[in-house]
Amino acid sequence: MDVKIELSWKAHLQEEFRKPYFERLTDFVRQEYAKKIVYPPARLIFNAFDRCPFDKVKVVIVGQDPYHEPGQAHGLCFSVTDKVAVPPSLQNIYKEIQDDLGKPVPRSGNLERWAMQGVLLLNATLTVQAHRAGSHQGKGWEEFTDAAIRHLALEREHLVFILWGAYAQRKGAEIDANRHLILKSPHPSPLSAYRGFFGNKHFSRTNDYLQAHGKEPIDW
């Protein structure tokens, strides 16, 4: 099956494209886009991979679902397109960056600049039906994104995996903590941010780890 995805990722994930679950997933997603309003735009389904080639990844942030309202989702977790209001979870992420690193809060919620520096902004599920959160869960995307995480964890060294909330932490359960830095805290959503997301210092801890292993820090 020919999947339009960045070439280095295509090479690493080729075996997934041949598996029965991925064929079923592809059929499901095609039908959904044909009949319903689905986000992100189809050309941006693999945007997280396209913006951050396999060998360029330094940090992985795991999200759950794309945003499901018009104009928001563009294939990067927690990120929204320019001129869209910054969502509450991202507002809290920016607040923690400001408290942790002293950086001013950006006006835009577009995180492409992170992706271009090696931050893989990976949702567990890569598509969603408009106005229906979680509507494409359990269709195969989770297996595919598990495979992406597994390849990174096994074939790369000294990456930072940032896992906010129980869902993301389950996704990262098999990562070797001796080989990579695993940062965990509650989710940045308004419902849980005050339970330990604020003050986690994940952004400075990420940069300290990257620099300790000879890598350029991220300009958050």
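The values are calculated or read from the model by the stated rules, or taken from the named source; none is laboratory data. Keep in mind the model is a prediction, meaning the values are calculated, not measured. Positions of Cβ are backbone-derived with ideal geometry, glycine not excepted, and every protein chain shown enters the neighbour counts. Calculation scope for accessible area: heavy atoms of the full protein, side chains included, ligands and nucleic acids excluded. Shrake-Rupley method; radii C 1.70, N 1.55, O 1.52, S 1.80 Å.
Evaluate the Kirkwood expression for the hydrodynamic radius of the range 148-220, namely the inverse of the mean inverse distance over all pairs of different C-alpha atoms, and round to one decimal in Å.
Kirkwood radius, the range 148-220: 13.0 Å.
Whole number please: convex hull volume per residue of the Cα set in the range 36-171, in Å³?
Hull volume normalised by residue count: 110 Å³.
Under 5 Å between amide hydrogens, which residues at least 5 positions from V60 or on another chain qualify, with H placed 1.01 Å from N in the peptide plane?
Under 5 Å from the amide H of V60 lie the amide H atoms of L120, V160, F161, I162, each far enough along the sequence or on another chain.
So for the chain, averaging the separation of alpha carbon pairs under 8 Å that are six or more residues apart and normalising by length, what relative contact order in percent results?
23
Residue by residue through the range 150-159, what is 3J(HN,Hα) from phi via Karplus (6.51 cos²θ - 1.76 cosθ + 1.60, θ = phi - 60°)? Round to whole Hz and write x for glycine and proline.
Taking θ as phi minus 60°, the curve returns 4, 4, 5, 5, 8, 9, 10, 10, 6, 8 Hz for the range 150-159.
Once you order the gyration tensor axes a ≥ b ≥ c over the Cα atoms, which shape class does the range 1-109 get: rounded for a/c under 1.5, otherwise prolate or oblate by comparing a/b with b/c? Walk me through the numbers on the way to the answer.
Working: a/c = 2.83, a/b = 1.55, b/c = 1.83.
It is oblate, given that a/c is not under 1.5 and a/b is not larger than b/c.
Apply the Karplus curve 6.51 cos²θ - 1.76 cosθ + 1.60, θ = phi - 60°, to the phi angles in the range 62-69 and return the couplings in whole Hz, x for Gly and Pro.
9, x, 10, 9, x, 4, 10, 10
Quick one: which of K58/K83; K58/K201; K58/K171; K171/K215 span more than 22 angstrom between C-alpha atoms?
The pairs that break the limit, which is 22 Å between Cα atoms, are K58/K83; K171/K215.
At a Förster distance of 22 Å, what's the computed FRET efficiency of K103 paired with D82, Cβ-Cβ distance as r, to 0.05?
0.70
Comparing G63, G102, G140, which has the greatest mean-square fluctuation in the GNM of the chain with Cα pairs linked when under 10 Å apart?
G102
At what distance in nm do the modelled label points of K215 and A34 sit from each other, each positioned 7 Å from its Cα along Cα→Cβ?
4.1
Tell me the label-point distance for the pair D27, A177, using the 7 Å Cα-to-Cβ offset, in nm and rounded to one decimal.
4.2
As a test of reading the structure, rank K201, K19 by solvent-accessible area (1.4 Å probe, protein chains only), most first.
K201, K19
In sequence order, what are the phi-derived ³J(HN,Hα) couplings for the range 210-217 according to the Karplus relation 6.51 cos²θ - 1.76 cosθ + 1.60 with θ = phi - 60°, rounded to whole Hz, with x for glycine and proline?
4, 5, 5, 10, x, 10, 5, x
With a probe of 1.4 Å, find how much accessible area the chain has per residue, and write the answer as a whole number in Å².
Heavy-atom SASA per residue in the chain reads 48 Å².
Counting only helical runs of four or more DSSP H residues, what would the 222 nm mean residue ellipticity of the chain come to if each run contributes -39,500 (n - 2.57) and the total is spread over all its residues?
About -11000 deg cm²/dmol.
Between rounded, prolate and oblate, where does the range 92-155 land on the alpha carbon gyration tensor, with a ≥ b ≥ c its root eigenvalues, rounded for a/c under 1.5, else prolate if a/b exceeds b/c? Walk me through the intermediate numbers first.
Values: a/c = 2.78, a/b = 1.48, b/c = 1.88.
Judged from the Cα gyration tensor, the range 92-155 comes out oblate (a/c at least 1.5, b/c at or above a/b).
Give the separation of the Cα centroids, the range 125-201 to the range 10-73, in Å.
Going from one Cα centre to the other spans 15 Å.
First measure r as the distance between the Cβ atoms of F17 and K184, then evaluate 1/(1 + (r/R0)^6) with R0 = 30 Å and state the FRET efficiency to the nearest 0.05.
Efficiency, from the Cβ-Cβ distance: 0.45.
Carbon-plus-sulfur fraction of the accessible area of the chain, 1.4 Å probe, in percent?
50
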